[in-house]
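Student: Sharing a structure here in structure tokens format.
The values are calculated or read from the model by the stated rules, or taken from the named source; none is laboratory data. A quick note: this is a predicted structure, and the numbers were derived from the prediction, not measured. Cβ sites come from the backbone with ideal geometry, for glycine too, and all protein chains shown count toward neighbours.
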Amino acid sequence: VGATISALIAVELAIRGHLTPGGGFAAGVAGGTAIGLVAITASSTWMEAIYKRWRAAMWEKLSVVAFIGVAVMALAGWELPRGELGDLFSGGWIPILNILVAIKVALGSWAAVLIFIRYRGLL
């Protein structure tokens with residue numbers, strides 16, 4: 001239940017981060033918390049198998065490349081249609097950038113949790 005609530009909060013923060021306090025990093029931390037809560041209760045081999053099957057490391061790297069691509073488009077002057085102030089679609093590129101940062105942070109924290117679980121007690 002806690003992981004589901006945390007995942008829903010992550011999605012909400014990523015999408016509405018330009019309207020409310022929060023944004024990509026906060027959404028990624030909430031998503032990483034959801035993954036961490038599942039990791040503590042599930043078996044480590046199952047979590048690693050899911051990580052490899054979904055190619056999470058590749059998606060993490062692709063989110064960085066996509067972020068750089070979107071940032072270059074924004075800096076080049078390409079704009080998305082702007083909505084009314086306070087609307088969900090009023091942020092231009094910012095919601096897309098928030099989502100990409102959230103993916104990067106959540107998947108990065110998943111990798112960190114897997115490393116902590118794999119090497120526990122060896123430090």
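Student: Here are some residues: Thr33, Thr20. Which one is among the hydroxyl-bearing types (Ser, Thr, Tyr), surrounded by fewer than 17 Cβ atoms within 10 Å (Cβ to Cβ) and either touching a helix residue (DSSP H, G or I) at 6+ places or on another chain (Cβ under 9 Å) or assigned to a helix (DSSP H, G or I) (or both)?
Tutor: Thr20
Student: Every residue in segment 65-106 that is surrounded by 18 or more Cβ atoms within 10 Å (Cβ to Cβ), touching a Gly at 6+ places or on another chain (Cβ under 8 Å) and not small (Gly, Ala, Ser), please.
Tutor: Pro95, Leu97, Asn98, Ile99, Leu100, Val101, Ile103, Lys104, Val105
Student: Scan segment 62-93 for residues that are more than 21 Å from the chain's Cα centre (by Cα) and on the phi > 0 side of the Ramachandran plot and jot them down.
Tutor: Correct list: Gly77, Gly86.
Student: Just to be sure I understand the filter: pairs with C-beta atoms under 7 Å, separated by 6 or more residues or on different chains, first member in segment 78-101 and aromatic (Phe, Trp, Tyr), second member surrounded by 11 or more Cβ atoms within 10 Å (Cβ to Cβ) and assigned to a helix (DSSP H, G or I). Which pairs pass?
Tutor: Going by the 7 Å Cβ cut-off, the qualifying pairs are Trp93/Val70; Trp93/Ala74.
Student: Which of the numbered conditions does Thr45 fail, given that it passes all the others? Conditions: (1) modelled with pLDDT under 95; (2) surrounded by fewer than 18 Cβ atoms within 10 Å (Cβ to Cβ); (3) touching a helix residue (DSSP H, G or I) at 6+ places or on another chain (Cβ under 9 Å).
Tutor: All conditions are met except number (3).
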